[in-house]
1. Return only the number of the condition from (1) of a type in the set (D, E, K, R); (2) under 30 Å from the mean Cα position of the chain (by Cα); (3) under 30 Å from C:LYS97 (Cα atoms); (4) in a loop (DSSP other than H, G, I, E, B) that C:ASP262 does not satisfy.
2. Based on what the data block shows, is D:ASP326 more than 7 Å from chain C (Cβ to nearest Cβ) and more than 30 Å from C:THR309 (Cβ to Cβ)?
3. Would you be able to say whether some residue in region A:190-201 is at the interface with chain B (Cβ under 8 Å from one of its Cβ atoms) and open to solvent by less than 20 Å² (accessible area, probe 1.4 Å)?
4. So is C:ASN318 more than 9 Å from chain D (Cβ to nearest Cβ) and either among the polar types (S, T, N, Q) or within 19 Å of the chain's Cα centre (by Cα) (or both) or not?
5. Within region B:134-152, restricting attention to residues that are closer than 23 Å to B:GLU60 by Cα and open to solvent by 10 Å² or more (accessible area, probe 1.4 Å), which residue is nearest to the chain's Cα centre (by Cα)?
6. Pick from region D:333-354 the residues that are at the interface with chain A (Cβ under 10 Å from one of its Cβ atoms) and either without any contact (Cβ under 8 Å) to a residue 24 or more places away in the chain or of a type in the set (Gly, Ala, Ser) (or both): which of them is most open to solvent (accessible area, probe 1.4 Å)?
7. Residue by residue through region B:234-245, note down the ones that are of a type in the set (A, V, I, L, M) and closer than 14 Å to A:VAL295 by Cβ.
Protein chains: 4
Amino acid sequence: MNTIGKLFTFTSFGESHGKGVGGVVDGCPAGIEIDTEFIQKELTRRRPGQSIISTPRSEEDKIEFLSGIFEGKSTGHPIAFVIWNKNQESKDYDHLKDVFRPSHADYTYQQKYGIRDHRGGGRSSARATAAWVAAGAIAKLALIQTGVDIKAYTSQVGHIAVNKTYEELDLTQIESNIIRCPDAETAEKMIEYIDKLRIEGNSIGGIITCVVKGVPVGWGEPLFDKLQARLAAAMLTINATHGFDYGRGFEGVHLTGAEMNDSFTKVGEKVTTKTNNSGGIQGGISNGQDIYFRVLFKPVATISIKQETLDKELNKINLEARGRHDPCVLPRAVPIVEAMAAITLLDLYLMRIRG
Amino acid sequence: MNTIGKLFTFTSFGESHGKGVGGVVDGCPAGIEIDTEFIQKELTRRRPGQSIISTPRSEEDKIEFLSGIFEGKSTGHPIAFVIWNKNQESKDYDHLKDVFRPSHADYTYQQKYGIRDHRGGGRSSARATAAWVAAGAIAKLALIQTGVDIKAYTSQVGHIAVNKTYEELDLTQIESNIIRCPDAETAEKMIEYIDKLRIEGNSIGGIITCVVKGVPVGWGEPLFDKLQARLAAAMLTINATHGFDYGRGFEGVHLTGAEMNDSFTKVGEKVTTKTNNSGGIQGGISNGQDIYFRVLFKPVATISIKQETLDKELNKINLEARGRHDPCVLPRAVPIVEAMAAITLLDLYLMRIRG
Amino acid sequence: MNTIGKLFTFTSFGESHGKGVGGVVDGCPAGIEIDTEFIQKELTRRRPGQSIISTPRSEEDKIEFLSGIFEGKSTGHPIAFVIWNKNQESKDYDHLKDVFRPSHADYTYQQKYGIRDHRGGGRSSARATAAWVAAGAIAKLALIQTGVDIKAYTSQVGHIAVNKTYEELDLTQIESNIIRCPDAETAEKMIEYIDKLRIEGNSIGGIITCVVKGVPVGWGEPLFDKLQARLAAAMLTINATHGFDYGRGFEGVHLTGAEMNDSFTKVGEKVTTKTNNSGGIQGGISNGQDIYFRVLFKPVATISIKQETLDKELNKINLEARGRHDPCVLPRAVPIVEAMAAITLLDLYLMRIRG
Amino acid sequence: MNTIGKLFTFTSFGESHGKGVGGVVDGCPAGIEIDTEFIQKELTRRRPGQSIISTPRSEEDKIEFLSGIFEGKSTGHPIAFVIWNKNQESKDYDHLKDVFRPSHADYTYQQKYGIRDHRGGGRSSARATAAWVAAGAIAKLALIQTGVDIKAYTSQVGHIAVNKTYEELDLTQIESNIIRCPDAETAEKMIEYIDKLRIEGNSIGGIITCVVKGVPVGWGEPLFDKLQARLAAAMLTINATHGFDYGRGFEGVHLTGAEMNDSFTKVGEKVTTKTNNSGGIQGGISNGQDIYFRVLFKPVATISIKQETLDKELNKINLEARGRHDPCVLPRAVPIVEAMAAITLLDLYLMRIRG
C-alpha cells in the first residue's frame, strides 16, 4: 500500500489539491546531517514550471519538516515532512468531476473505492512524487556516506534517442539543458520535438537511463528482494512508467551467451568484469560494477486534443483538457527516478548488514 | 528475502543438489480443491529433458505435500511441499567448486555470504523455480474460481520475433510445439536457431509474453503495491530476466499521447476501452481489460564455449562448461512466468477485499 | 519500527517538543465518515490537564488532517494528520539535557542512537500517544459499522482494586469520574490515594481492564497473528506498560482444567459458552464471546523526590524533577488502551476477509 | 499469519497427524555452525513421554534438514526442516471429528475456515511447537556468538509458587527434575500436585519465568518493535498462554515510582542500575541488565473428566477425552518459551545493526 521498504521505509500521503503532499521516512540511520538546502534543490529539480516544455503551473514545493531531526541531524526516529499545496485552483477541475479521462486513474479509482477526490487527479496525481523526491533526497544523504552516486538522464524522447552508452557521455552535463539529456545535440532535437507537440496539445513519452556508481559487492537479498526486482518495482511505481530493463536490456535481445557473458578479470588486485552487460547485478546481488537501468515512460495522458470518453453515468462525452500539464514528463521525472533508486538502495544497504 | 506476498505468501527453500527444493504457501483460502494432477502437470511443463532444445538432465520433479491439505482440500493453513532431488550428480560440479563462472551468481554469493554451495549452482540454481511453479499452480487453482486465466508464450528468441499481437494469435496452440510459441511458422525458425546454437555450445535469450484475462476492475493497491510494480518485481525475480514492460512497452516509445491514450466506451452496458495500450492497468489498478506484459530473458550463462574468468584465489583460468544445460530457457520459463503472475495476482486479489 | 499493522496500518511520528506529533493511517476502508468531532473528543480524553490528578500541562491537542478525506469521508488513501505542539517550554528541560533519568529511555536512546532530543522526553515522550488515540479513533469509526464496541477502565491503582468483574459493573459510568473507574466507591479511594502521592511528589501505577463486545467468530490469524498476541504487542507498546493478560489471567493461575474450561452450549440457536474464562479467544481466533484483557502500568518514572543517577559523562548526580508530570497515568491511558485495541482489531478484521 | 520476524524469519507448517511438522528459517547469518546434536537435544526437552507427568505419547521428534546447510554451516539461505510424524493414531480421534471440545480451537477453526483437520488437533495442536523449538535452537546457535544466554524454568504450578527471585536460584539446576523448577523443594510439591491431578483426569497451568543474560544495550526498535512488545507477542503465540509480564510485573502493582525506579550507577566504568525492576528494558530497548519475564499458561484443555459441549450439528453432548494428554504442559513448555525468546531476540539483534 503506501509504505515502501523494510528497514528504511517511506510512507507517502497527500493529494494534489488537499492540504499538501508529504511522507514519513523511517529507519534513517541516526546522525545523518539533514542538509535541507540539498533536499530543497532536489525538489526544485522536480517542480513544475521550470521551462517552456513543462507545465506552467508554478508550485513552490517548499518542504516543512515535522519530526525526527534534532540540531540538524537525524535522530533515528521518523522524519515526517509536508510540502504544502499552495497553487491549487480546484475549480479548474470542476468539469472533470464526473469524467473518466482516457488512460488516467479516474475510472479505476472510482470503481475500486466508490469515492474519488477528482481535483487535479487527487491521490493519483504526479504531485505526490514531490514527497518521494524529498524522501529520496534523505536517502541520498545517507548513501553518500557509503560512496554511492546516483545519476539519471533523459536518453530517449519519442523516436529521438541518444546513440551513446552512458560511459560515452559526460554525466556532469545532465543539468545543462531543460530536457536533462547530457548529449547537447540530441537534447536540442528532443526539446524541439516536445515543443512542437506542446503547441499541438499533444504529449510524448520516452526513456530515462539511471546509472549508480559506487555500490560495493553484496547489496540485494535473494530470493525475493533481488536488487533488480526491487528496482523494477520502485520504478514501475512512478506515474506513467511502462517498462524497466537493466544492463543490456531489450535492445540486446539478439545477443548470444558468448556475447552477453561478463568475464571476470583483475585490474591490479581488484576483481572486475571485462564487460558489464549484467548491469552490475548477478544473482540479484550487486557485483561491484556500475548498476545501470532504463525506465520507460508513456506520454502524459492529459492532452488538449479532443478525445471521446465516458462520464460517471456512462454517457459518451467529448473531452478537451483545460488543466495545466506537461507535454513530456521526462525532465521532471529524472529526479524521481533517482529518488526511488536511492530509497531502494538504502533499504538494501541496511538489510545486508548482518551478524 | 525468501518470502513473497502479503496475504498469499510463498516461502521458498532448497538447493540444486541438496535434499530437494520446496516451499510453504500460506494464506491460500480454505476449501480450494488441491488438484495434485494439475500441479504435477505444471511441474512437468517446467522440468528439464522435455525436448532436444532443453537440457538432457531428466529431473522427475515429483511433488510431495507435507501439510495444509485435508481430504483433498486446502484448510487455510500453510501448504508445505518438497520436490525431492533425485538426479544429482554433484561430482559433475567438482571442477566448478572454486570457479567464478561468468555472469553467474558464484562471485556475488561467495562475497556476500563467505560460503557457497557450488553444486549445480546451489541456491542460485534455476532448479528452485520448480517450487515456484508448484506454488503458482496452487495460486492458479484459487484464481480459476474468480475467472482469471493466465497464459504465457515465447514471443521472441534472439532476433526471431512473432510479428503478431497476442490477439492475433491462437493461444490454445502454445503447447503444440517445444518452444511454446503459438505461431507455428515462427516456432519452427526459433527451434532451428536454438538447435544451431546448441550444437555450437552457445545459448540465446528472448522474450516471453504473458496475457491475463478475466481480472475485474480493482486489483492492485496504490501506491506501492501497484499491479504493474508487483508484476515487475515478480518477473525480475526469475533467474536470467533482464526486463519487463506492460501494455505498449518499449516498442511503442514513439507513440504520442493522442495515439497511446485508451478512450473509454461502452459495449452494451459494459465499460471497455477502444484500445488497450495501457495493458489493462491504470493508476496501478486493473481496469477490466486484458493484462499483458513481456519479460526479457538473457541467454543462459552456462555455455560450452571456452571463457576466461577467475577462480576463488583470483587466478585467471579458462573455463569450459561440462554440466548439462539449456541452450535456451524460454520454453521452460513459460510456466514460471505464469506461476509468478498467479502468485502475485492472488495476493492482490485477497488484499482488495475490504470493509 | 514506526508502522504497525498489515492492511490497516498506522505510521507514527513526532516528538514532545518538536513541531507536533502525528501519523499516517493507511488501509482505512473508503467511504467511512470521518467524524472529526468524535476524534477530537477522544483526544480530549487523553489530553493532560484534565483534573487535579493529571499533569497541569494543558495541551490543546487540536488535530489537523492533511490528506485522505474528501467531502467528509475516507477515500481509501492515507489519512495523515498532525497534532501541533503548542505549549512546549523546552527550556524547562535544559537541566535534563545530559541526565539519564532513572527508568526513562534517556540512557537507552543515547546509547542506541548516539543522539537524543531530550526536550520533554523527545520521541520517547507519552505525548506521541496523542497521535495513537487519533488513529484509534479512526479505527473505531470503521469498527462501529461492524458492531464492535471497545471500553476500557481503570480497575486497579496501586493496591486499590475494583473487586467486581466487568460484567458486574456499569460500564456507562466509566467517564463519570476523573480516574475512569466505573465503581464510584473504589474510584474515590483511588483518587484520594493518587492525590496523596501527588503531594509527596511520588507516583503510582495500576491496571486497566478493556472489554470488547460484538466481535463475531473468526477474527485473528494463527499462527503468528493470533488475536491475543497482536493485542499483547499493541498493549506492551504503550509507554509504562509492564504486563498483559486476557480472560482469566494471572489471578486465576490456581484454576484446574475442569474449572477453567468453557463448555459450549446453545442459547436459542446461538452458540455460546457457559463461562468465558478464555476471554473470547480460542486458538488465537475470536469465538464470539466478549473479549476482555488487562494491561499493567508501572508508576510514572518522573517523580519529584530526589533520586541518584548518572549524567552523560557518567558522573553521579542527584536529580529532582521539575517538569510537569502525572502522578498516575491510568485515567489518561484508558483511551490509549482503547485506541491500540481498535487499531489491532480493525487490522485483523480486514485480514480475515478472504476468498 | 505463519511467518514471524522481519530479518530472521520463521515460517511454520504442519499438523499433528499429517506428514510432519516443520518450518523454514530465513535470514540466519551465514557461517553459523549448525550443531544438529544441540538442536536434537532441544527437541528432546520438548518431546512428550519424558516423565510420568507428561503425556505417554512417545514422539521421536527426529529432525531432517532439507536445505540451507553446506558442510555443516548455514549458507545464509533458507533452512527448511521437517520433523516427521510417526506415532499418529488418527483413529483415536475419530470420535472427536464432529465435536467442539471446550476451550479448544475446534469451534473457531471450523467457523473460520469451514474445514478442519480434527486429527489430534490438526494445525492447532501443540505438536507444531516442535518445529518452533528447532527454529529457536538455530537462533540460539547464532545468539551464543553474541554472548546471549536464555534460560527458562517453571516458577509456579497452580497455587504452588517458587518464593525466590531468579537471582536467588541456581539456574543450572533447572534440568535436574522433571518439572524443570530449579528449587528442588518446590519442584517436589509441584510434581506431587500434578500427579494427583493426573490421576483425577484433571489438569493445571502455571507460570514460566525466563531470564536472558548478556544482551547489550540497544536491542529493540521503538515504536512498534519494542523489545517487550515483540517478546509478549511471541509468548502469547504459544498454545495455552494467557499472560505476560516483564521486570516487576503484576505482583509489583503496589509499588510507587520511588520504589520502582531503577537508579543508574557505575560499577567501575560500567553503567548499571541499582535495582532492575525494569527487567532490562527501558523505552523498548535493552539497557544491558538481565531481561526477565513471566509467561502464564492456562491448564491443558484436554481432561478426562466428563464435560458438556456441542457437536458440529450443535447437539448437546457429553465428552470424555480418551486421547493421550499432559496434565500440565509447563515442563515441556520451558524449551518453547526459550525458543520463542531466541527467535525474537535474534531478529531484533539483526535489525539493530545499521549504517
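1. Going through (1) of a type in the set (D, E, K, R); (2) under 30 Å from the mean Cα position of the chain (by Cα); (3) under 30 Å from C:LYS97 (Cα atoms); (4) in a loop (DSSP other than H, G, I, E, B) one by one, C:ASP262 breaks only (3).
2. On the way: more than 7 Å from chain C (Cβ to nearest Cβ): yes; more than 30 Å from C:THR309 (Cβ to Cβ): yes.
When the stated conditions are applied, D:ASP326 passes them.
3. Applying the first criterion (at the interface with chain B (Cβ under 8 Å from one of its Cβ atoms)) to region A:190-201 yields A:197.
When the remaining residues are screened for being open to solvent by less than 20 Å² (accessible area, probe 1.4 Å), the result is A:197.
Looking for residues that are at the interface with chain B (Cβ under 8 Å from one of its Cβ atoms) and open to solvent by less than 20 Å² (accessible area, probe 1.4 Å), one finds at least one in region A:190-201, hence yes.
4. Working: more than 9 Å from chain D (Cβ to nearest Cβ): yes; either among the polar types (S, T, N, Q) or within 19 Å of the chain's Cα centre (by Cα) (or both): yes.
Judged against the criteria, C:ASN318 is a match.
5. B:LYS140
6. D:ARG354
7. As a first pass, look at region B:234-245 and keep what is of a type in the set (A, V, I, L, M): B:234-236, B:238, B:240.
Selection gives B:LEU236 alone.
Yes/no matrix, rows are residues, columns are (1) closer than 30 Å to B:SER125 by Cβ; (2) out of contact with any helix residue (DSSP H, G or I) (no Cβ under 8 Å at 6 or more places or on another chain):
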position: B:THR209; (1), (2): yes, no
position: B:VAL215; (1), (2): no, no
position: B:ALA229; (1), (2): yes, no
position: B:THR237; (1), (2): yes, no
position: B:GLY243; (1), (2): yes, no
position: B:GLY247; (1), (2): no, yes
position: B:GLU259; (1), (2): no, yes
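The values are calculated or read from the model by the stated rules, or taken from the named source; none is laboratory data. Here the structure is a predicted model, which means the values were calculated and not measured. Counting neighbours? That spans all protein chains shown, and the Cβs are built from the backbone with ideal geometry, glycine included. Remember, those area values only see protein heavy atoms, side chains included, never the ligands or the DNA or RNA. Shrake-Rupley method; radii C 1.70, N 1.55, O 1.52, S 1.80 Å.
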